[in-house]
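Data first, discussion second: the structure below is written as structure tokens.
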Amino acid sequence: MITVLAGGTGSVKLVRGLAALTDDMAVISNVGDNIWLHGLYVCPDIDTIVYGLAGLLDEKRGWGVRGDSFECLAQMEKLGAPSWFGLGDKDLATHLTRTDMMKKGKSLSQVTDWMRSRYAISERVIPATDDEVVTKIVTDRGRMHLQEFWVKYRGEPAVSGVYYEGAKRARANRKAIDAIRRSDMVIIAPANPISSIGPIVALAGLRKELAKKRDKVMAVSPLIGEAAVSGPAVKYMKALRLASSPAGVGEYYSDFVGAFVIAPSDDNLAPRIRNLGMQVYKTNIIMKNRDDEIQLGRYLMDKVVGS
């Protein structure tokens, strides 16, 4: 069994690749970027995984439903309502249904599992917690929700800090903990370490389980050299005084990751990562197409972490 910690566009590519190779996989999804908009509970990272596994994802954008229209959003803009967050018409069905079910007493986990079954997805998709954890960015324009920083303000404000509101009192999802305990391998997807993986491992119970299983936990670097494959990872890492390189990501993960996968061009960083007590593997980590996704997934599955 494989468990993947996931969040963002890089995660869904690897999740798809692994799904093509195994029929026993759980995906623990980030909830830190969930946001209430227009009275609806929107869960971008969960939905990206669900849409990706269901073959519905708009791969050009990296989010939302393929072929979606935005008539409702356009009409809202005419009415003067905030329209900075791109909610497609088909995508709205997900948020409407989720919010209605949660208002009737269903947990986020129950709703997510129901949606997974409706789309005939065999892989388990598990929110890291059913409690609200919100990633907040400290900027020169004040503290703001991650989505405001990245979508509304296009990642332009200067960043001086990142924190996870509600993480200390939130309880890790029991199904997520059970999945980690049962797994032969846990993979940290090549996601933004601060905003996609950070909120997951900020849950003390979940981080503890990962640390116990450290020799079976492998992470794929989301950075090549000093550049992120996608997204604002470097900006966040600098704010937290981490080196903006795979070695910096390795440092951030060092207490719960036993092996780290980097690009061959980062071979010079391998000794620094090994000094953190991690094994280092080198392969192509850029996933431009399905073949790349499957190839990386196969490479990871062929490795025995801790050997």
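Which trypsin sites (Lys or Arg not before Pro) in segment 138-186 sit in a loop by DSSP (not H, G, I, E or B) and have at most 13 other Cβ atoms within 10 Å of their own Cβ?
Numbers: sites: ARG141, ARG143, LYS152, ARG154, LYS168, ARG169, ARG171, ARG174, LYS175, ARG181, ARG182; in loops: ARG141, ARG154, LYS168, ARG169, ARG171.
Filter output for segment 138-186: ARG141, ARG154, LYS168, ARG169, ARG171.
Could you tell me what percent of the DSSP beta bridges with both partners in segment 1-159 are antiparallel, to the nearest 5?
Working: 9 of 18 bridges.
Around 50 percent antiparallel, to the nearest 5.
Exactly which trypsin sites (Lys or Arg not before Pro) in segment 215-307 are in a DSSP loop and have at most 12 other Cβ atoms within 10 Å? Display every interim value, and only then the final one.
Details: sites: LYS216, LYS235, LYS238, ARG241, ARG272, ARG274, LYS282, LYS288, ARG290, ARG298, LYS303; in loops: ARG241, LYS288, LYS303.
Within segment 215-307, the qualifying trypsin sites (Lys or Arg not before Pro) (loop, at most 12 other Cβ atoms within 10 Å) are ARG241, LYS288.
For the chain, what proportion of DSSP beta bridges, expressed in % and rounded to the nearest 5, is antiparallel? List each step's numbers first, then the result.
Numbers: 17 of 40 bridges.
Counting only bridges with both partners in the chain, antiparallel ones make up about 45 percent.
Taking other Cβ within 10 Å of each residue's Cβ, how do PHE149, PHE256, PHE85 sort, fewest first? Intermediate results must be reported in sequence, preceding the final value.
Details: PHE149 26, PHE256 20, PHE85 15.
Sorted ascending by nearby Cβ count, the order is PHE85, PHE256, PHE149.
Residue by residue, what Karplus-based ³J(HN,Hα) values in Hz, rounded to whole numbers, does segment 269-281 have, using 6.51, -1.76 and 1.60 with θ = phi - 60° and x for Gly and Pro?
With coefficients 6.51, -1.76 and 1.60, one gets 8, 4, x, 5, 6, 5, 5, 7, x, 10, 6, 10, 10 Hz.
Cut-off under 29 Å on the C-alpha distance; same-chain residues fewer than 8 positions from LYS168 excluded. Which lysines are left, in chain and number order?
The qualifying lysines are LYS103, LYS104, LYS106, LYS136, LYS152, LYS208, LYS212, LYS213, LYS216, LYS235, LYS238.
Do any GluC sites (Glu not before Pro) in segment 184-276 lie in a DSSP loop with no more than 16 other beta carbon atoms within 10 Å, and if so, which?
Working: sites: GLU209, GLU226, GLU251; in loops: GLU226.
Hits after loop and neighbour filter: GLU226.
If you take every DSSP beta bridge fully contained in segment 140-281, what fraction is antiparallel? Give it as a percent rounded to 5.
Of the beta bridges lying entirely in segment 140-281, close to 20 percent run antiparallel.
Can you give me the long-range amide H partners of VAL261? Hydrogens built in the peptide plane at 1.01 Å from N, cutoff under 5 Å, separation of 5 or more residues or another chain.
ALA219, VAL220, SER221, TYR281
Please give the charge dipole size of segment 7-144, origin at the Cα centre, charges +1 on K and R Cβ atoms and -1 on D and E Cβ atoms. Round to the nearest 20 debye. Write down the numbers at each step before the final one.
Details: 17 positive and 19 negative charges, 27 e Å.
Dipole magnitude for segment 7-144 comes out near 120 debye.
Rounded if a/c is under 1.5, else prolate if a/b is larger than b/c, else oblate: which is segment 5-73, with a ≥ b ≥ c the root eigenvalues of its Cα gyration tensor? Provide the component values of the computation, followed by the final result.
Numbers: a/c = 2.58, a/b = 1.48, b/c = 1.74.
Oblate is the answer for segment 5-73, as a/c is 1.5 or above yet b/c matches or exceeds a/b.
May I ask for the net charge around ALA26, where only other residues with Cβ less than 10 Å from the Cβ of ALA26 are counted and Lys, Arg are +1 while Asp, Glu are -1? Write out the running numbers ahead of the final one.
On the way: positive: ARG124, LYS175, ARG182; negative: ASP24, GLU123, ASP178.
So the surrounding residues net to 0.
Multiply the residue gap between SER117 and LYS288 by 0.36 nm, knock off their C-alpha separation, and tell me the result in nm, one decimal place.
Working: separation 171, 0.36 × 171 = 61.56 nm, distance 2.85 nm.
Full extension from SER117 to LYS288 adds 58.7 nm.
Classify the chain as rounded, prolate or oblate, taking a ≥ b ≥ c as the square roots of the eigenvalues of its Cα gyration tensor: rounded when a/c is under 1.5, otherwise prolate if a/b is larger than b/c and oblate if not. Before the final figure, lay out the partial values.
Numbers: a/c = 1.57, a/b = 1.33, b/c = 1.18.
The shape class here is prolate.
Amide H to amide H, which residues 5 or more places from LEU37 or on other chains are under 5 Å from it, using H placed in the peptide plane?
VAL42
Using helices alone, I'd like the mean residue ellipticity at 222 nm for the chain: each DSSP H run of four-plus residues gives -39500 (n - 2.57), total over residue count, nearest 500.
Working: 12 runs with 111 residues, N = 307.
Taking each H run of at least 4 residues, the total per residue is -10500 deg cm²/dmol.
Can you work out the Karplus-derived ³J(HN,Hα) for every residue in segment 4-21? Use 6.51 cos²θ - 1.76 cosθ + 1.60 with θ = phi - 60°, whole Hz, and x for glycine or proline.
Working through the residues one at a time gives 10, 8, 9, x, x, 6, x, 5, 5, 5, 5, 4, 4, x, 5, 4, 6, 10 Hz.
Any read-out appearing in this document is the output of simple, stated calculations on the displayed coordinates, not a laboratory observation. In this text the structure is predicted, and so the values were computed from the model without any measurement. Note that we place each Cβ from the backbone using ideal geometry, even for glycine, and neighbour counts take in every protein chain shown.
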